[in-house]
Structure formats: C-alpha cells, structure tokens
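The values are calculated or read from the model by the stated rules, or taken from the named source; none is laboratory data. Note that the structure is a prediction, hence the values are computed from the model and not measured. Cβ atoms come from the backbone with ideal geometry, glycine included; neighbour counts cover every protein chain shown. Surface areas here come from the heavy atoms of the whole protein model, side chains and all, with no ligands, DNA or RNA. Shrake-Rupley method; radii C 1.70, N 1.55, O 1.52, S 1.80 Å.
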Amino acid sequence: LQFVELSAEQPLANEMLAVVALVAVFWMFEVLPLPVTSLLPMLLIPAFGILDHSLVASAYWGPVQMMFVGAFIVDVGIEHVMLHQRLALNILLRTGVERPFVVLASFSAISFCFSSVCSNTATVVMLVPFATGLLDTAAEQARARGEEHQAASLQRAVL
C-alpha cells in the first residue's frame, strides 16, 4: 500500500507518517506495553532509513534523562535504607508534636531537604504516609479529649 507522496522535497515523509501512525495506534490500543511502544520509533525510524540510529538514540537519551535516572537511583537508595523514616521520626521526636506550627515547619524542612536531592513526586510519596499518620493520631487524641471540631478539621486536612 503506497501513500500519496507528501512532499517532493521530503521523500521520506511517507515512511515517517507510517511510523507515527503505527506507534499512535499501538499507543492508543495498547497492543504492546507502553514502555515497549515508546521504543518502537527508535527501531523503526532507522529500519525505514529515515534517520541514522545514532541521531534517533540521541533524542531518547541525553543529559536531562540521565539526571532523572540519577535522581531515581538516589530515591531508591533513600527508600531502601529508610532514611526518610529515620529523618522524619528523629526531627519529630526532637521538636515534639504539641505545637502545630513547629510540626508544619518540621515537615517543611524535611521536604526541603529531600527535594534538594529527590524529585518532588518522590518527596511527596515518602512524606505523605507520615503526615497522614500524624494527622490521624492527632485526630484520635482530639476525639479522646472531646474536641470533635478539631478532630474533624484534622481529618479534612488529610483529604
């Protein structure tokens, strides 16, 4: 099946259109897992002779991607040694949980430290369980003291 030539100046436009259409269909219908589908252009573009494999590969891998991989490796290392738990618990044990402003400042400082070496998403994933647990515990204590309005406010803060 031959497509209509899109441009006489760009003779490989049909081949590129075929690659884009194939990858789009594979992506929309998830014929292959998405990570595999995302690598198809790296195989198909050189196979059709549209571009050299080194040019296509350089579009997939550069300094920015290397930075993300390095950050993910640091994130996995932090989670493996449970540094996030140790740091959060140590700071909260030192500052206490009686004053809400100090607790908020502690979590802000912990988030700041982790965000300087981890992605923001990884920082949130590491700290949300602590914040949720702390707020749930504070809400239970407020209910035990008979302060239902404060317990309700803390529960809303979790959401």
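Screening Leu154 with (1) of a type in the set (A, V, I, L, M); (2) out of contact with any Ser or Thr (no Cβ under 7 Å at 6 or more places or on another chain); (3) modelled with pLDDT of 80 or more gives one miss only, at (3). Scanning region 129-143 for residues that are closer than 12 Å to Ala88 by Cβ and open to solvent by 70 Å² or more (accessible area, probe 1.4 Å) yields a single hit, Pro129.
Residues in region 54-107 that are of a type in the set (D, E, K, R) and closer than 21 Å to Val124 by Cβ were compared, and the one that is surrounded by the most Cβ atoms within 10 Å (Cβ to Cβ) is Asp75. Only helices (runs of 4 or more DSSP H) whose full extent lies in region 61-145 are considered here, and the ones with at least 1 residues that are hydroxyl-bearing (Ser, Thr, Tyr) and in contact with a helix residue (DSSP H, G or I) (Cβ under 7 Å, 6 or more places away or on another chain) are 83-95, 100-115, 120-144. Apart from one condition, Leu51 fits all of (1) under 19 Å from Ala21 (Cα atoms); (2) open to solvent by less than 40 Å² (accessible area, probe 1.4 Å); (3) not aromatic (Phe, Trp, Tyr); the exception is (2).
Can you confirm whether region 57-65 contains a residue that is within 19 Å of Val23 (Cα to Cα) and modelled with pLDDT of 90 or more? No, region 57-65 contains no residue that is within 19 Å of Val23 (Cα to Cα) and modelled with pLDDT of 90 or more. Looking only at residues of region 108-121 that are small (Gly, Ala, Ser) and within 24 Å of Val69 (Cβ to Cβ), we find that the one that is most open to solvent (accessible area, probe 1.4 Å) is Ser116. Check whether at least one residue in region 17-32 is within 30 Å of Val124 (Cβ to Cβ), among the acidic types (Asp, Glu) and part of a loop (DSSP other than H, G, I, E, B), and report yes or no. The answer is yes, given that some residue of region 17-32 is within 30 Å of Val124 (Cβ to Cβ), among the acidic types (Asp, Glu) and part of a loop (DSSP other than H, G, I, E, B).
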